[in-house]
Amino acid sequence: MIEIDLLVSGDYVLPMDTECSVIKDGAVAVRDGKIVAVGCRKDLIDMYSAKKELGGLYRAVLPGFVNAHTHLPMAYFRGMADDIPLKLWLEGHIWPTENAWLDDDFCYDASLLACLEMLKAGVTVYNNMYFFGDAIARATKRIGMRGVVGAGIVDFPTKTASSSVECLSNAEDLLKTWTGDDLIVPSVAPHSLYTCAPESFSSARKLAERYGAPLHIHLSETRWEVEEIRRRYGKTPIELLDSIGFLSERVLAAHCVWPLESEIEILAKCNVAVAHCIESNMKLASGIAPVIDMLKAGVRVALGTDGAASNNDMSILSEMSTAAKVHKAVSDDPTAMDSRTVLSMATRWGAETLGLGSVTGSLEDGKSADLIVIDLTKPHLIPLYNIYSHLAYSACASDVESVVINGRLVVKDRVLITYDEDKILEKARIWGDKIKMSTLDS
C-alpha cells in the first residue's frame, strides 16, 4: 500500500481530458499537493492508503472551475448601479465610487468576499484585472485560492497612480513580488484602448515579456468602443492592437463582442485567448459575442463572470448554462455549445487560456490537485442520465460540496475552512454601510 494524503471518490469522475471521458465509480489520489493517480475507485483503494477521504456515494468529482475574467474588489459594488449602459455605468457610478473608496484595506477585504463566493461555487482559479494588486494577491493567498492577479493600467489618475507610467511601475512591483509563487501569477492588465493609448499597450507588452507574464485586457466590448477607437485611430480595436504588434499567445482578451470576421482570423492567427462573459454582456446590453465563429476559427475561448457589479454573481456554473442556451438560440442550432464544450471552456480550456494548462484545469497525474466535489442528491439532479448534461444545465453553485486546491481542503461540506466566513461577511456589511451612508450624505 502506498501512503497518500487524500483520496477523492465519486460515482462520476470527470478528468476533463481531450476526450471528455467519464470514469464511473472513480477516484483521484493526491499526495504532496499533486494528483498521483486517476482511475476506478476499487483499483485506487487497493493500491493506496489515504490519510483522508472525500466524496463518496452520489457525488461527482471534476477539476475546479476557471473564472477567466473578473474584478474581485467590485464584489463590494454589487447592485450599486444596475440597468444602465456600460459607459454611464463606468463614468457615472463605478469610477467615482472607486475614486472615493479604493485603498489597500478595501481591496483586501472585498477580495476575501469575492474569493469566498467563487470557492463556494466551485471556482478554484480566477483571472483578475484591478488596482491594489498586492492586497488582492495577499487575500487570495490567505484564503488558499489560485489567482492570476492583473495590475490595472489606465492613462488617467486613479487612487493608485497619477499616470500610466506610475501604473506600469506598480505593475512591475507586483511582478517582482509574486512571480514564482505557487498560487499567485502576477499579470499586466492595460484596461482598454479607450482608457489607454497605444503607447501604453506597447509599454505593457514589453514589461510582460520581460517577466514572462500574461497580459489581460478588455477588447471590443461594445459598439461604442469600436466606433470610438475607429474615430480616434482609423482602425478597429483588434486591427489597431495587431498593427502595433501587441497581440500574441500571452494575451487574454475579455469580451470580444464585436469582432469582424477578419478580426476573428487575426485573433486565431495571433493565438489570442478570449474570455466570454455572456451574463455581463447581456445585462449591460453590450451584445452577444460570436463565440461559435471563434471556436470554428480556432480561437481559444474560456468563460468569465466579469465583476459582481455587472453580473451580479461570480458563478461559472451559471455562465455555462447561460452560454449554452443563448448560443443555441442565436444560432438556431440546438447542437451548438453542447454540454461537453461549455464544461471544457469552464475547466481545461480556461486553464490553458491563462497559461496554466500544465498546472490545473484537468485531473491528470502530475497536475496540481485542484478539484471539486458536487453533491448529486438534490431534487434538481435526480434522476441522472448524463452527467455532463446535468452539470451544464441543472447544477447550481449551492451543489458544490467540497473544494481542494493544491492538495489542500479549502471548502468542506459547503463551509470554508481556511478563514472565518462570518468575519468576511461582517466586514462586507460594514463597508456596505459606509458606502451607503456616504451616498446618502452626498
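Any read-out appearing in this document is the output of simple, stated calculations on the displayed coordinates, not a laboratory observation. Model, not experiment: these values are computed from the prediction. Positions of Cβ are generated from backbone atoms using ideal geometry, with glycine treated the same way; all protein chains shown enter the neighbour counts.
Some points to look at:
- Since only Gly180, Val291, Val301 are under comparison, the one whose Cα sits farthest along the positive direction of the charge dipole of the chain, derived from C-beta charges on Lys, Arg, Asp and Glu, is Gly180.
- Share of Cα-Cα pairs in the chain lying beyond 35 Å, as whole percent: 26 percent
- Only beta bridges with both residues in the chain are counted; by DSSP, about 40 percent of them are antiparallel.
- For the stretch 251-256, 3J(HN,Hα) per residue [Karplus equation, 6.51 cos²θ - 1.76 cosθ + 1.60, θ = phi - 60°, Hz, x = Gly/Pro]: 9, 10, 9, 7, 5, 6
- Each Lys or Arg adds one and each Asp or Glu takes one away; over the other residues whose Cβ falls under 11 Å from the Cβ of Cys20, this sums to -1.
- The convex hull around the C-alpha trace of the stretch 281-393, projected and averaged over every direction, spans 8.5 square nanometres.
- Spatially proximal aspartates and glutamates relative to Lys378 (Cα-Cα < 13 Å; intrachain offsets below 8 disregarded): Asp399, Glu401
- Under 16 Å from the Cα of Lys296 - lysines, other chains or at least 8 residues apart: Lys269, Lys328
- With K and R counted +1 and D and E -1, the other residues having a Cβ less than 13 Å from that of Lys296 yield a net charge of -3.
- A Cβ-based charge dipole, computed about the Cα centre of the stretch 149-238 with Lys and Arg at +1 and Asp and Glu at -1, lands at about 340 debye.
- Proximal lysines to Lys176, defined as alpha-carbon separation beneath 18 angstrom and excluding residues fewer than eight positions away on the same chain: Lys141, Lys206
- Sorting 199-206, 133-140 by average packing, meaning the other beta carbons within 10 Å per residue, from highest down gives 133-140, 199-206.
- The stretch 213-297: translational diffusion in µm²/s, Stokes-Einstein, Kirkwood Rh over Cα pairs, 25 °C, 0.890 mPa s: 191 µm²/s
- Other residues with beta-carbon under 13 Å from the beta-carbon of Asn170 carry, at +1 per Lys or Arg and -1 per Asp or Glu, a net charge of -3.
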